[in-house]
Structures are given as structure tokens and as C-alpha cells.
Amino acid sequence: MKRTTLILLLGILFCSVSAQNKITLQVDSAGTQISRHIYGHFAEHLGRCIYDGIYVGENNTTVPHTAGVRNDVIQALKELKIPNLRWPGGCFADTYHWKDAIGPKAERKPIENLSWGNVREDNSFGTNEFLNLCELLGAEPYLAVNMNTGTVQEAVEWVQYTNHASGTSYLTDLRQKSGRSKPWNVKYWGIGNESWDCGGDMTVEHYINLYKQYATAMTSYGNTEKLFRIAVGPGSPDYAWTEALMKNIPARRFEGISIHHYSVIDWSNKGSSSKFTDEEYFKTMQQAWRMEDMIRKNAEVMDKYDPQKRVALIVDEWGGWYSADPEGRGQLYQQNTIRDAMIAGITLNIFNNHADRVKMANLAQIVNVLQSVILTDKEKIILTPTYHVMEMYKVHQDATLVPARLTSNEFTMGGNRLQAISVSASKDQSGKLHISLTNIDNKNRQEIDIGINGLKISGMSGRILTSSKVQDHNTFDNPANVVPKIFKDMTLSKGSLKVNMPPNSVVVIELN
């Protein structure tokens, strides 16, 4: 009798806890557009990201390609609708000289990759190859300027080479000799990279003075659309750096500020990408949730000087970072698991919800490095759990943000507490409402009550990405181990949509 009573009490307690997740959609307050550029990517000359991951060379006979770029990668990225791609780094950009990698392949200057392992590169993938790739993908290029070992003149000439009309200068003649007549019209330019560390270890005062020199010289002068110049912001909670930028750079000299944040357990011991404990998983989720504070507090500083939100916040490096995979498939190569899907779900929801200030973001990195959406092995390819989350979330690109008020259960471990549920919602041009939900609790299902009073719903559908363990992932032998499936565990009643999410899952719901 006592045992039965205890079970009943535990059942009542569980039901009361699971029913605490409540979401109210504020459809009448919708108005901010979620920029598609939030769903951008990052490709650095690092490990097997560029060579072998993206570019196999024009003479490759084993991997199908277009001008040396893998066809399977092109197709996968087109399906993802990637809006922009950042290149060539990262720290690699801080020693990169673009003129070394243009013109006939045989005449290009081989280099040592000083940032990543002193690996020799033949520079067969350079400005032309990158910008042609972006054109093929329908993605905006985002170029990172070398302001560490480079010069202002080098940056100015890069703008001329990529953007100015043919025949207007020596640089445009050089472009034509390199096989390209019309300009690419590159809009997005990052002036420097991590200037507080590998980009020169500068003080903010030194960076600002140098930035103004570059930004003043780098201009369109009527030859193309206005450049979107992005200043280097902090890679840690250094909001004084952000304030110094906002206070001391003239408004006419910059359009964005970049920040970086990685979900790293411990920089001295990052842990395995696929063999991790529940405690390590929880710590990773703690770091992923820190993105909310990074965005909110940087935005508060920017609001002080820019209440009209003219200057964009650009998160041009984000993702999970673990120890290199022992398989030895290249520098910073790591497996991509359900844990990474949770990072992506949380982070993209945060970006969506701060779409008034966050206008661009770049997942690090696109192929074979860190939290990749694609892994390659010779002629084989894997689409990772992170890829599938970004594919599910692409419905938010350029849609109108629907604010969502959330009350969430807690995900707890050892006295530490995190919000278990993450949410963002948007309405697309056809009037469809999309709700993206992430349950990071790897033990408990979460029942969520979504208030939809006043909405006329004629139909609904859903997709889910989940697996039994957060360590689960796709392999080259089993590339479809973790893939999105149809989600039906939801019921519509008067003014309410009840959703029952399994542990460690990402769900996207469409309401018509």
C-alpha cells in the first residue's frame, strides 16, 4: 500500500513538473525581421576545411567536382541555403596575403600556414576560387582583412580587385588576366580578426586607431554598393572593449561589430567530441547558454550609443570546441553529435530572439573543422546533426520574429541549474508560423504548453531531430544514424498547443 501511494505521489509530482513549461506567442508584437545572414558559415585554411573538404583540385579524377570544388559539398550547402560564407580566417587571415593566390596556378606562391601547423599550401584556392564558389552557392562572401602582417594598401587593393569595374585600374586589369572580367561586388569586410589575440595582441586603443586608418581608405567611392565594414569586438565578456569601439569610432566608419564565443568546457582540457560524460555535457550546455549574456550585454552597451540600432552585432565565430579527434583526420577535426545539435538549437534561438541587433553569424566551421555541418573522407560525405538543425531552422531566414514569452523547467546537475527549454518563433511571407524548440535535458521529457489564442490554425506539422543518447552521431558507414523525422507528439486544443518533447531533442513546428 505504501509503495503504491509513493508511486502515485511521484507520478503527480512528475506531471506537475513537466507541465511547467509555458510559452506565449506574441503574434501582435511581430515586426523585426530575422536576417537570413544569422545562418552564415565560416571556412578557414585550417586542417582539412579548404583542401580536401571543399576543394579537391581541378585535376581530381576520384571526387566529382566543379572547378575543383566538391559537387557533394555544393549540393549540401545549396540545400542548406547558406546566406554568407566568411573566409580566409580566423587566425589564418592574420598572415594571409591575397596576391599570393591569384593568377595561373603554377605561378602562385606556395606558403607555410603559420597559424595552423606550418603546413605547406600551394595557394591553389584563392580569392577567385572562393568568390566563384560563393557565386555558385548564391551566398554573400565575407572577407577577413589582414591587419596584423598586412597593410592598408593591401586591403584597399583587395577591394579594388574584387569590386571595381573592369579597366579602371591596374588591379582590375590583374583581375581580368586572372580570368574574371566583371566584379564580384563584395559587400562584407571584416577589418582584422581577434585583434586582442592572434590578430596582433593589441590594446583596444591601438586597434581603434589602426581600424580608422583601414576603414577610411577602404571605401567604394561610387564604384560599387556601400561596403559593410565590421570592427573586431571582444571574444570574452570584455564589454569595455565594445564600449570603446562605440564611443571612439565615428558612425560613418563602421557598420558592424563582431564577437566570438565557443562552447568550451575547459581551454586546457576540452574533452572528447564523442566520448563525454553527463557532467561534461552539462558543462557544455552551460557554455552554450552563455551566448545569451554575451549578446544581451554587448547589445546594452551598443544601445547606449546607438539606440537606433544602426550598427549590427556580428557573431562571426561560434560553436562547440573539443579536443581533436584521435582518428587523425586533420587539425581541429571533431565528431559532431546530438550534443552539437543542442548547441545549435540553443544558439540559433538566441540569435533569432535578438534579431533587432544580431544581423549576421558564422558557425565555426563549415567542413571538417570544429562544429562542422559536413564531414568528408575521400569520396564519402556525412551531413552532421548540426547540419540537420540548420536545415530545419532555415524556415526562419528573413521571416518576421514572433516574440515568445517562456517559462521553462530547469535542467539540473550537482546543484547547478539551466533552462531546459529554448524557443524562437517566426512568421514567413506566406503567413506560416514556425516554432523551433530545443530540450537540452538529456534525461527527461518536457511537456510544453504553447498559448495560441486568437490564431486560426488550419493545419500543423512537425519535424524532430533526436536520438537515445547525446553521444550519438553519424559515421561514414552509417551516415543516416541521426536524421530529422516526422514529429507528431503534439495536440491542438482550445487556445493551446501541447507538445511532448523527448530528452535531447530539437523540434520545428509549422502552423498554417
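The values are calculated or read from the model by the stated rules, or taken from the named source; none is laboratory data. Please read all numbers here as calculations on a predicted model, not as lab measurements. As a convention, Cβ positions derive from the backbone with ideal geometry for all residues, glycine included, and neighbour counts pool all protein chains shown.
Can you list the strands (runs of 3 or more DSSP E) lying wholly within region 43-137 that have 3 or more residues being out of contact with any helix residue (DSSP H, G or I) (no Cβ under 7 Å at 6 or more places or on another chain)?
Strands (runs of 3 or more DSSP E) meeting the threshold: 119-121.
Each row is one residue, and each column tells you yes or no for (1) among the acidic types (Asp, Glu); (2) closer than 30 Å to Ile38 by Cβ; (3) buried (at least 16 other Cβ atoms within 10 Å of the Cβ).
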site: Ala144; (1), (2), (3): no, yes, yes
site: Ala155; (1), (2), (3): no, yes, yes
site: Tyr161; (1), (2), (3): no, yes, yes
site: Ser169; (1), (2), (3): no, no, no
site: Asp173; (1), (2), (3): yes, no, no
site: Gln176; (1), (2), (3): no, no, no
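Every residue in region 402-451 that is crowded, with 22+ Cβ neighbours inside 10 Å, more than 26 Å from the chain's Cα centre (by Cα) and among the β-branched types (Val, Ile, Thr), please.
Those that are crowded, with 22+ Cβ neighbours inside 10 Å, more than 26 Å from the chain's Cα centre (by Cα) and among the β-branched types (Val, Ile, Thr): Ile448, Ile450.
Ser124 is checked against (1) under 24 Å from the mean Cα position of the chain (by Cα); (2) hydroxyl-bearing (Ser, Thr, Tyr); (3) surrounded by fewer than 20 Cβ atoms within 10 Å (Cβ to Cβ) and fails just one. What number does that condition carry?
So Ser124 meets the others, but not (1).
Among the listed residues Arg329, Arg296, Arg310, Arg290, identify the single one that is more than 15 Å from the chain's Cα centre (by Cα), surrounded by fewer than 20 Cβ atoms within 10 Å (Cβ to Cβ) and modelled with pLDDT under 95.
Being more than 15 Å from the chain's Cα centre (by Cα), surrounded by fewer than 20 Cβ atoms within 10 Å (Cβ to Cβ) and modelled with pLDDT under 95 holds for just one of Arg329, Arg296, Arg310, Arg290, which is Arg329.
Show the residue pairs meeting these rules: Cβ distance below 7 Å; 6+ apart or different chains; first residue within region 448-470 and more than 26 Å from Arg339 (Cβ to Cβ); second residue among the small types (Gly, Ala, Ser) and surrounded by 13 or more Cβ atoms within 10 Å (Cβ to Cβ).
From region 448-470, the pairs are Asp449/Ala19; Asp449/Ser496; Gly451/Ser496; Ile452/Ser496.
If I ask for residues that are touching a Gly at 6+ places or on another chain (Cβ under 8 Å) and either closer than 13 Å to Phe92 by Cα or free of Cβ contacts under 8 Å to residues at least 24 places away in the same chain (or both), which ones from region 177-201 would you list?
The answer is Gly192, Asn193, Glu194, Asp197, Gly199, Gly200.
With respect to the numbered conditions (1) surrounded by fewer than 18 Cβ atoms within 10 Å (Cβ to Cβ); (2) within 19 Å of Gly345 (Cβ to Cβ); (3) among the hydroxyl-bearing types (Ser, Thr, Tyr), which one is the sole condition not fulfilled by Ser323?
The one condition Ser323 does not meet is (2).
For Lys494, indicate whether it is at pLDDT below 95, surrounded by fewer than 22 Cβ atoms within 10 Å (Cβ to Cβ) and at negative phi.
yes
Can you say whether Glu243 is assigned by TED's automatic domain parsing to the domain that holds His45 and within 28 Å of Tyr142 (Cα to Cα), as far as the supplied structure shows?
Yes.
For residues that are assigned to a loop (DSSP other than H, G, I, E, B) and polar (S, T, N, Q), scanning just region 162-174, find the one that is nearest to Asp94 (Cα to Cα).
Ranking the qualifying residues of region 162-174, first place goes to Ser169.
Only one of (1) part of a loop (DSSP other than H, G, I, E, B); (2) in contact with a helix residue (DSSP H, G or I) (Cβ under 8 Å, 6 or more places away or on another chain); (3) at pLDDT 95 or above fails for Leu455. Which number is that?
(3)
For Ile230, work out the one condition from (1) free of Cβ contacts under 8 Å to residues at least 60 places away in the same chain; (2) among the β-branched types (Val, Ile, Thr); (3) out of contact with any Pro (no Cβ under 9 Å at 6 or more places or on another chain) it doesn't fulfil.
Looking at each condition in turn, Ile230 falls short on (1).
Give the residue, chosen from Ser273, Ser258, Ser263, Ser236, that is under 25 Å from Ser422 (Cα atoms), in contact with a strand residue (DSSP E or B) (Cβ under 9 Å, 6 or more places away or on another chain) and modelled with pLDDT under 95.
Ser236 is the lone residue from the list that is under 25 Å from Ser422 (Cα atoms), in contact with a strand residue (DSSP E or B) (Cβ under 9 Å, 6 or more places away or on another chain) and modelled with pLDDT under 95.
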